[in-house]
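Below: the structure, in structure tokens.
Any read-out appearing in this document is the output of simple, stated calculations on the displayed coordinates, not a laboratory observation. A quick note: this is a predicted structure, and the numbers were derived from the prediction, not measured. Glycine also receives a Cβ, built like all others from the backbone with ideal geometry; neighbour counts cover every protein chain displayed.
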Amino acid sequence: MDTPIQQPRHTQNAPLQSPAQTPLINQRGFIPFAIGYLMLLGVVAGGAYYLGVTHGRSDSSVQPNQIANSVNPSQPATEPTKPSPSIPSVKAGYRQYINSKLHYGFSYPSTDSLYECPDTSCLSIARISLRIRTLGSYDLIPNDVKGSLMKADLLCGAGGRGHAVSCQNISVEDNSNTLGFKGYKAMRTKVIINTGAGFPSGDYPDMAYVYLLPKTIKGPGLLDYAGIVFAVDHPSSANLAELQNIADTFFTF
């Protein structure tokens, strides 16, 4: 009996993909990925640019201060501006005289009238016979100030009408006022021969105060201004006390 020939049985498998279909599917998946990647690069690049610009602006805003605070070796350093010296305050009951040309000043009682010469080289207060006048460099020899003051008249010889005045200098002392300004005090004996000047004749202890100006200033002609002298014509104890009080307020600036 013949064995029947069996026909081969075919099992159904998943359909096979053709070679042409696989690259197509890969390309379709790659395109969205590429677009997303490019967008991410754009965001990163834009952020980096923004940060760079912001940092650049920040640096530019700080740079002037850094330059101002740094030392440039090619340029000399600028010295700080020195503050202007202050003028002392006026105490109660006094007013202040300031000579901006010669750079000095002082205070005097507000009830007094201060007479000023037209050339601003002399001042006076009649009530106490006070006189204030400039001294030239011929009266104040730099290397021998005390010796030159011992020989100077210091407002002694100019007596009023009808009487004669002379002085015998005794000593010249260093003197500093309460404001800290250094000067000199000349001690002397004043001899007055009175013929109607209102002050008795006689010999009187007297003094004059001298302060140097910050620098010698050229005046008209051969004159110059190197210092200031304070003195009184009538050396009563009251006048000398007021002379000392006024000279004690002398200052320079």
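Computed quantities for the displayed model
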quantity: Computed lengthening from Lys218 to Asp119, 0.36 nm per intervening residue step minus Cα-Cα distance; calculated: 34.3 nm
quantity: 5 angstrom amide H check on Leu135, placed H, neighbours 5+ away; calculated: Ala226, Gly227, Ile228, Val229
quantity: Mean Cα-pair separation over length for the stretch 175-253, i.e. relative contact order, pairs under 8 Å, 6 or more apart, %; calculated: 30
quantity: Gyration tensor verdict on the stretch 97-204 (Cα atoms; rounded if a/c is under 1.5, prolate if a/b is larger than b/c, oblate otherwise); calculated: oblate
quantity: Check: the stretch 189-253 dipole with +1 on Lys, Arg Cβ and -1 on Asp, Glu Cβ, in debye; calculated: 260
quantity: Rule-of-thumb Rg ratio for the stretch 94-153 [Cα; 2.2 N^0.38 Å; N residues]; calculated: 1.32
quantity: Long-range amide H partners of His103 with built H, under 5 Å; calculated: none
quantity: Extended-chain gain in nm, criterion 0.36 nm per residue less alpha-carbon gap, Leu179 and Ala241; calculated: 20.6 nm
quantity: Under 5 Å, built H, 5+ apart or other chain: amide partners of Cys122; calculated: Cys117
quantity: Pairwise FRET efficiency - Arg95 versus Met150, Cβ, R0 = 45 Å, nearest 0.05; calculated: 0.85
quantity: For the stretch 210-253, the fraction of alpha-carbon pairs in successive 5 Å shells from zero, as %; calculated: 5, 18, 22, 18, 14, 13, 8, 1
